[in-house]
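Report on the structure given below.
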Amino acid sequence: MGTLPANFKWGTATSAYQIEGAVSEDGRTDSVWDTFCRVPGAIDNGEVGDPACDHYHRMPQDVALMREIGLDVYRFSLAWPRIQPGGSGPGNDRGLDFYDRLVDELLAAGIDPWPTLFHWDLPQELEDAGGWPNRDTAYRFADYAELAYRRLGDRVTTWTTLNEPSVVTTHGYLSGVHAPGRKSLADAAAAAHHQLLGHGLAGARMRELAAQAGNPFELAITLNLGPATPETDAAEDHEAVRRADGFNNRLYMDPLWHKRYPADVVEDLAAQGVTIPVQDGDLEIIGAPIDALGINFYFGMQLSGRAEDGSILDADGAPVSRHVLQGRPQTAMDWEIMPDEFAKLLSRVGREYPGVPLYVTENGAAFADKPDEKGYVHDVDRAGYIADHIAAVAVARKEGADLRGYFAWSLFDNFEWAYGYDKRFGIVRVDFDTQQRTLKHSAHWYSETIRRVRGR
Ligand code: FCB
């Protein structure tokens, strides 16, 4: 890691719904995740995102832990239904006050606040009105961004619009394993476009306000980019890779960089009777310059274009895409560990989508932690995962990718969406019975690594 510069930024990441709790306090209304948690069978063990880490009530101690670890920057998300209950109308002062205090607490601790406006907790009322497949949601998002900016824009210097729009598209609207649990390719395609439109509209709105205030900021978006490799050299395996790369990666990167959707993805969708609902001027809005790209990475996939019985079309007549394990070590999520693919992915982004500074805004691993009687977890596996992926960042930098920071996912064990509390990603253990926080070995290791690279 000696190859990372002393000014490299070190952080951890969390998201509102996964840690805050207090879901009906101070005027917050339901998000799609509150609703989804009530669907029988949607979340493992019937768990819900409340109280999660009870961060809403323990924020000052939590910031003190970040300071102890020695973070430069903290990536968190703002809960839309806390700031603008119901997703429209005026801001909710009590909700905004919480983030106001968080930002001040971070700055007082010497930690740069790095908020994300949307990490999946769409106000339920907006889902009832059609959700992200409804174009109006993009305009609502810009209004919400304005409320957040007006309150925090004097102190926040980097704003991230969206977290992983492709996961909302594929899990929220196509496979339905995430909130709001819909299963429609047409809805998914519309959700992808309207999230990007929302990103562009919100960015433009905040830039306008920043110009008036003479207070510029850096605009970012976070994507989870999934590298795919073919199982064999067969044409259908390469096709499966092309389709996955198109739908998960290029569907977002190309409009942001080149103001157009990839022609092959548009064709793939058309073959299934689906059109991306683009209107005149949308791509200009989406493709306006950004100042930073956040990349989240956990794993890549090896794909085969054939089902186990050898067929290349599934029962619905759609081309087969089958995930084939490579036999690598796996995390508790059953995700294969592949820092080499991470390095290749980062180099590729640097090469094919140049010109914008890159940050790894999430990376980390769930393992089956075994705390001792004091709650201490000697998680050499997690520290090893993080070390190997930081090393991949250094490799990609050497190959020219302009990587400037790394955020470990996550600061805390937290509510891991459909998996509930069982999958622990934290470098800090949370005992969900007592809310006791205990730094794991990985947190101590991370802390030492940061100080070593920084040279103090
Ligand atoms: C990412 C999400 C984050 C967390 C990690 C494990 O896709 O952005 O909230 O759940 O996965």
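The values are calculated or read from the model by the stated rules, or taken from the named source; none is laboratory data. The structure presented is a predicted model; accordingly, all values stated were derived computationally and were not measured. Quick reminder, even Gly has a Cβ in these numbers, built from the backbone with ideal geometry, and neighbours come from all protein chains shown.
Screening Pro85 on (1) surrounded by fewer than 23 Cβ atoms within 10 Å (Cβ to Cβ); (2) within 27 Å of Arg452 (Cα to Cα) shows it passes everything except condition (2). Whenever a residue of segment 391-419 is more than 30 Å from Gly46 (Cβ to Cβ), its partners that are in a loop (DSSP other than H, G, I, E, B) and among the hydroxyl-bearing types (Ser, Thr, Tyr), lying with C-beta atoms within less than 9 angstrom and at least six residues away or across chains, give the pairs Ala391/Thr3; Ala394/Thr3; Val395/Thr3; Arg397/Thr3; Lys398/Thr3.
Taking (1) over 18 Å from Phe36 (Cα atoms); (2) more than 16 Å from the ligand (Cβ to nearest atom); (3) not β-branched (Val, Ile, Thr) in turn, Pro81 satisfies each apart from (1).
You will find that of Ser31, Ser88, the residue that is hydroxyl-bearing (Ser, Thr, Tyr), at pLDDT 95 or above and touching a strand residue (DSSP E or B) at 6+ places or on another chain (Cβ under 7 Å) is Ser31 and no other. In segment 415-439, the qualifying residues are those that are under 24 Å from Trp120 (Cα atoms) and among the hydrophobic types (A, V, I, L, M, F, W, C), and the one that is surrounded by the most Cβ atoms within 10 Å (Cβ to Cβ) is Ile427. When segment 54-70 is limited to residues that are under 18 Å from Arg101 (Cβ atoms) and touching a Ser or Thr at 6+ places or on another chain (Cβ under 8 Å), the one that is surrounded by the fewest Cβ atoms within 10 Å (Cβ to Cβ) turns out to be Met66. Taken over segment 306-341, the criterion of being more than 17 Å from Ala244 (Cβ to Cβ) and touching a Ser or Thr at 6+ places or on another chain (Cβ under 7 Å) is satisfied by Ile337 alone.
Residues that are out of contact with any helix residue (DSSP H, G or I) (no Cβ under 6 Å at 6 or more places or on another chain) and either under 16 Å from Asn248 (Cβ atoms) or among the aliphatic types (A, V, I, L, M) (or both) within segment 289-310 comprise Ile290, Ala292, Leu293, Gly294, Ile295, Asn296, Tyr298, Phe299, Met301, Gln302, Ala307, listed in sequence order. Checked across segment 113-125, the condition of being closer than 16 Å to Val63 by Cα and more than 16 Å from the ligand (Cβ to nearest atom) holds for at least one residue. Any residue in segment 383-395 that is under 28 Å from Gly287 (Cβ atoms) and surrounded by fewer than 17 Cβ atoms within 10 Å (Cβ to Cβ)? Among the residues of segment 383-395, not one is under 28 Å from Gly287 (Cβ atoms) and surrounded by fewer than 17 Cβ atoms within 10 Å (Cβ to Cβ), which makes the answer no.
Could you check segment 285-364 for strands (runs of 3 or more DSSP E) lying wholly inside it with 2 or more residues that are more than 22 Å from the chain's Cα centre (by Cα) and closer than 27 Å to Gly273 by Cβ?
The strands (runs of 3 or more DSSP E) meeting that bar are 301-304.
Scanning segment 274-284 for residues that are among the charged types (D, E, K, R) and in a loop (DSSP other than H, G, I, E, B) gives a single hit, Asp280.
Yes/no matrix, rows are residues, columns are (1) within 16 Å of the ligand (Cβ to nearest atom); (2) closer than 21 Å to Glu20 by Cβ:
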position: Val360; (1), (2): yes, no
position: Tyr376; (1), (2): no, no
position: Gly420; (1), (2): yes, yes
position: Ile450; (1), (2): no, no
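Condition test on Ser77, is it of a type in the set (Ser, Thr, Tyr) and buried (at least 21 other Cβ atoms within 10 Å of the Cβ)? Spelling it out, Ser77 is indeed of a type in the set (Ser, Thr, Tyr) and buried (at least 21 other Cβ atoms within 10 Å of the Cβ). Cβ separations smaller than 8 Å between residues 6+ apart or across chains give the following pairs from segment 284-310 residues that are under 22 Å from His194 (Cβ atoms) and within 16 Å of the ligand (Cβ to nearest atom) to residues that are of a type in the set (Ser, Thr, Tyr) and assigned to a loop (DSSP other than H, G, I, E, B): Leu293/Tyr353. Of note, Tyr56 does not satisfy the criterion of being under 28 Å from Ala142 (Cα atoms), touching a Leu at 6+ places or on another chain (Cβ under 8 Å), away from the ligand (no atom under 16 Å from the Cβ) and of a type outside the set (A, V, I, L, M). Just to be sure before I move on: is Ala190 buried (at least 24 other Cβ atoms within 10 Å of the Cβ), within 16 Å of the ligand (Cβ to nearest atom), more than 25 Å from Leu345 (Cβ to Cβ) and touching a residue at least 24 places away in the same chain (Cβ under 8 Å) in the structure I sent? Here the answer is no, as Ala190 does not meet what is asked. The set of residues from segment 150-181 being part of a loop (DSSP other than H, G, I, E, B) and more than 11 Å from the ligand (Cβ to nearest atom) comprises Gly153, Asp154, Arg155, Val156, Thr157, Leu174, Ser175, Gly176, Val177, Ala179, Pro180, Gly181.
Is it the case that Trp132 is in a strand (DSSP E or B), away from the ligand (no atom under 12 Å from the Cβ) and either at negative phi or crowded, with 18+ Cβ neighbours inside 10 Å (or both)? It is false that Trp132 is in a strand (DSSP E or B), away from the ligand (no atom under 12 Å from the Cβ) and either at negative phi or crowded, with 18+ Cβ neighbours inside 10 Å (or both). Just one residue in the set Ala368, Ala343 is away from the ligand (no atom under 15 Å from the Cβ) and within 21 Å of Arg404 (Cβ to Cβ); that residue is Ala343. Residues in segment 1-43 that are part of a strand (DSSP E or B) and within 16 Å of the ligand (Cβ to nearest atom): Gly11, Thr12, Ala13, Ser31.
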